[in-house]
Amino acid sequence: MQLRHRLSLLAIMVMAFSPSWAQANAGVPMLVLVMPAFAVALIPVILIESLYLVRRLALRPKLVAKTVTISNLVSTLVGIPLTWVLLTLGQMVTGGGSAHGVDTVLGKVLAVTWQAPWLIPYERELNWMIPAAGIVLLVPFFFVSWWSEYLVSRRFLGKVPAQQLKLEIRNANIITYSLLACWPIAVLLFAR
């Protein structure tokens, strides 16, 4: 059964990234934009979360740094892309893969929420749509990061009570995701 799920996921990813489907008006797959940002932010995120968790959990810094590094690598390299694939599939299945217009407030909201994983190519609107969609995507990415980092951390920090570990990892992620949100918010506020 597990092999069938893996093969299905592989088939979906091959279809999603098939070069024969590439078109100039194919839209903006936000994963292409967010992954470099997450890669650049990875070391500062690991440092911030490690410092926070060392203070809150009173554990050895080396153990915490190792745990935070591994858990953030898992959430960044596995959790974020898988979440994006699922969000994109949900967008396509529910009709979000078609242009519905950005002439109304509702159209603009739908364009950066429902269509956040894969933006429709409204070329004149992308200057605000990309950062707005980035902010929207931070919400599901936060939850995936929190839970995947918690699950990985349980393996390394099993002596910490589960509820306390869950709470502190959530708080560490609130700090780092708040910092990650500063860039797209600044672009929306200060860019023309």
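Every read-out reported here was derived from the displayed coordinates using simple, explicitly stated rules and does not represent laboratory data. Predicted model only: the values in this text are computed from it and were never measured. A quick note on method: Cβ atoms are made from the backbone with ideal geometry, for glycine too, and the neighbour counts reach across all protein chains shown.
Using a 10 Å cut-off around each Cβ, can you sort Tyr177, Tyr52 from fewest to most neighbouring Cβ atoms?
Sorted ascending by nearby Cβ count, the order is Tyr177, Tyr52.
How far is helix 162-190 tilted off the main Cα axis of the chain, in degrees rounded to 10, range 0 to 90?
40
What's the FRET efficiency of Trp147 with Leu189 using the Cβ-Cβ distance as r and R₀ = 25 Å, to the nearest 0.05?
Efficiency for this residue pair is about 0.25.
Helix 80-93 sits at what angle to the longest principal axis of the chain, using alpha carbons and giving 0 to 90 degrees rounded to 10?
30
Pairing the Cα long axis of helix 61-74 with the longest principal axis of the chain, what angle in degrees results, from 0 to 90 and rounded to the nearest 10?
Relative to the chain, helix 61-74 is tipped by roughly 20 degrees.
If you place +1 on the Cβ of every Lys and Arg and -1 on the Cβ of every Asp and Glu, how big does the dipole about the Cα centre of the stretch 29-190 come out, in debye to the nearest 20?
Dipole of the stretch 29-190, to the nearest 20 debye: 920 debye.
List Phe141, Phe38, Phe156 from most exposed to least, where exposure is judged by having the fewest other Cβ atoms within 10 Å.
Ordered from fewest to most neighbouring Cβ atoms within 10 Å, Phe141, Phe38, Phe156 come out as Phe156, Phe38, Phe141.
In whole angstrom, how long is each semi-axis of the equivalent ellipsoid of the chain, when you take the square root of 5 times every eigenvalue of its Cα gyration tensor and sort them from largest down?
Taking √(5λ) for each eigenvalue gives 33, 21, 13 Å, largest first.
Taking neighbour counts of Cβ atoms within 10 Å as a proxy for exposure, in what order, fewest first, do Met92, Met30 appear?
Met92, Met30
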